[in-house]
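The values are calculated or read from the model by the stated rules, or taken from the named source; none is laboratory data. Just so we're clear, the structure is a prediction, and the values are computed from it rather than from any experiment. Virtual Cβ from ideal backbone geometry, glycine too; neighbours counted across all protein chains shown.
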Amino acid sequence: SSTATQDSADEVAEPPPLATGKETSVVDVNPPRGTRDFPPEDMRLRNWLFQNFREVSRLLSFEEVDFPVLESEALFIRKAGEEITQQLYNFEDKGGRRVVLRPEITPSLARLVIKQGKSVSLPLKWFTIGQCWRYERMTRGRRREHYQWNMDIIGVSKVRAEAELIHAIVLLFERLGVTSLDVGIRVSSRKVLQAVLQMYSIPEHLFMEVCVIVDKLGKLSREEVEKELMQAGVLLEAVKGIVEVLSLKSLSKLEEVLGSDSEAVADLKRLFSLAEHYGYSEWITFDASVVRGLAYYTGIVFEAFDRAGKLRAICGGGRYDRLLSTFGSDDIPACGFGFGDAVIVEFLKEKGLVPDIARQVEDIVFPLDVELEGPASKVVSSLRRKGRSVDLIEDKRLKWVFKHAERINASRLVLVGNSEWQRGMVRVKNLSTREEYEIKIDELC
Ligand SMILES: Nc1ccc(Br)nc1
């Protein structure tokens with residue numbers, strides 16, 4: 001698209017790798033701008049994180065779903081000025097179709113819910129872990145992809161759904177060794193802003209745009225946010241009223257402003273009461289400034305933040321009761337959250353909570369002579385059929401094999417030697433007890 005060519009002019013060229021005089025590669029060995037490779041050590045950490053995502057999803061009895069990374073551009077065209085829709089990784093495919101690398105998961109999930117229609121019974125509790133994309137000028141040098149764990153509850157209009165989702169987030173943090181001293185979860189409701197706009201008779205059609213602008217508080221200066229609100233058509237008096245209400249940090253103060261019959265207040269009181277019963281009250285705090293930057297939220301919204309204030313939101317979500325109807329379906333209440341793979345790892349590094357996940361192999365099989373390579377295959381095959389992970393090593397000196405065994409935390413070293421083989425035996429060294437013994441091949445397990 002035109003932005004892509006313009007961006008290429010803006011992009012800051014990646015510095016070439018340092019010249020070593022041994023350049024032989026004919027391709028750039030770096031991954032495309034803004035994307036990451038996951039070499040084994042990084043992949044082990046990612047798998048550890050995703051395994052925790054999956055385990056928490058299981059604890060809440062969510063079902064796993066998946067969607068294409070490639071989606072129709074139409075699914076993400078929204079007019080509220082969100083950053084996410086201004087950075088679509090969009091293009092025209094060879095069939096002339098307007099497509100995107102998805103920037104988020106929720107619209108795909110909504111699409112599938114509608115597609116499945118009456119064939120599924122509500123409520124649905126679905127989760128997925130998927131790569132999401134944005135196309136952004138590299139001048140800011142930010143990533144263009146990340147993986148997001150999403151959990152969504154479809155068909156529950158009560159605040160119980162949000163309480164369940166926040167429970168999932170708390171359980172995840174606890175599994176990672178994070179405490180409520182490190183992280184908090186700010187909670188508010190879009191109904192707060194909705195009530196304020198009504199108080200100032202601001203037309204409904206500005207609601208989404210105002211939410212997207214107000215979400216910039218904390219990123220842009222208060223003056224810049226006020227300026228954008230006025231440019232959107234909000235009168236100064238209303239701008240001041242909005243900023244004042246959004247600075248509230250107590251539910252009782254909010255009730256004073258919105259009145260005792262406020263839906264926003266009732267929802268939030270219910271959520272905080274349920275939180276008491278779940279036992280995660282110390283994790284959550286009311287903060288009226290939380291609106292989140294996605295246009296389609298309609299109710300309670302929440303985001304996890306590091307209390308040291310060094311990082312962007314770790315995860316976030318909320319209720320989106322109108323999204324499905326904007327896709328032409330009946331209105332189905334829904335809420336969910338997205339939890340990215342990058343900020344949490346930055347946070348864990350800050351806190352010294354990144355686990356050291358070593359490579360784990362059970363057996364190393366090593367033929368002591370080249371003519372024993374055939375017999376060694378027999379041993380390897382037998383062990384693997386019994387479910388043992390086996391690293392078959394050849395053409396190395398024994399000293400190297402011992403070092404390698406240490407490096408990959410092998411449990412056993414199985415040496416295939418001539419004299420033992422003649423007697424139908426192999427020699428085994430238990431690498432944790434250092435015990436050494438001979439054993440019949442078919443007794444190896
Ligand atoms: N939506 C989105 C996609 C990709 C990245 Br990196 N961040 C946000």
Given the condition in a loop (DSSP other than H, G, I, E, B) and surrounded by fewer than 17 Cβ atoms within 10 Å (Cβ to Cβ), answer yes or no: does some residue in the range 203-214 qualify? yes
Among the residues that make up the range 424-436, is at least one of them farther than 30 Å from residue 113 by Cα, modelled with pLDDT of 95 or more and touching a Cys at 6+ places or on another chain (Cβ under 6 Å)? no
Residue satisfying condition, being within 16 Å of the ligand (Cβ to nearest atom) and loosely packed, with under 11 Cβ neighbours inside 10 Å, within set 32, 39: 32
Conditions: (1) touching an Asp or Glu at 6+ places or on another chain (Cβ under 6 Å); (2) among the aliphatic types (A, V, I, L, M); (3) away from the ligand (no atom under 16 Å from the Cβ). Residue 212 meets all but one. Number of the miss? (3)
Exactly one condition in (1) under 18 Å from residue 294 (Cβ atoms); (2) within 15 Å of the ligand (Cβ to nearest atom); (3) under 22 Å from the mean Cα position of the chain (by Cα) is not met by residue 69; state its number. (1)
Among (1) surrounded by 19 or more Cβ atoms within 10 Å (Cβ to Cβ); (2) within 15 Å of the ligand (Cβ to nearest atom), residue 113 falls short only on (2)
Restricting to the range 330-343, give me the number of residues that are at pLDDT 95 or above and away from the ligand (no atom under 13 Å from the Cβ). 6
Counting residues that are touching a helix residue (DSSP H, G or I) at 6+ places or on another chain (Cβ under 7 Å), which strands (runs of 3 or more DSSP E) fully inside the range 262-344 reach at least 3? 300-306, 315-319, 334-340
Suppose the filter is part of a loop (DSSP other than H, G, I, E, B), in contact (Cβ under 8 Å) with a residue 24 or more places away in the chain and either farther than 23 Å from residue 41 by Cα or touching a strand residue (DSSP E or B) at 6+ places or on another chain (Cβ under 7 Å) (or both); does residue 405 pass it? no
Specify the residue that is surrounded by the most Cβ atoms within 10 Å (Cβ to Cβ); the eligible residues are those in the range 121-164 that are more than 15 Å from the ligand (Cβ to nearest atom) and small (Gly, Ala, Ser). 161
Candidate set from the range 76-106 (those that are farther than 22 Å from residue 291 by Cα and within 15 Å of the ligand (Cβ to nearest atom)); member that is surrounded by the most Cβ atoms within 10 Å (Cβ to Cβ): 102
Quick check on residue 166: is it more than 30 Å from residue 31 (Cβ to Cβ) and modelled with pLDDT of 95 or more? yes
Members of the range 286-339 that are of a type in the set (Val, Ile, Thr) and more than 21 Å from the chain's Cα centre (by Cα): 298, 326, 332
Between a residue in the range 135-159 that is more than 18 Å from residue 31 (Cβ to Cβ) and any residue that is within 9 Å of the ligand (Cβ to nearest atom), which pairs come within a Cβ distance under 6 Å, given they are 6 or more apart or on different chains? 148/132; 148/338; 148/340; 150/338
Exactly one of these conditions fails for residue 294: (1) within 22 Å of residue 152 (Cβ to Cβ); (2) touching a Lys or Arg at 6+ places or on another chain (Cβ under 8 Å). Give me its number. (2)
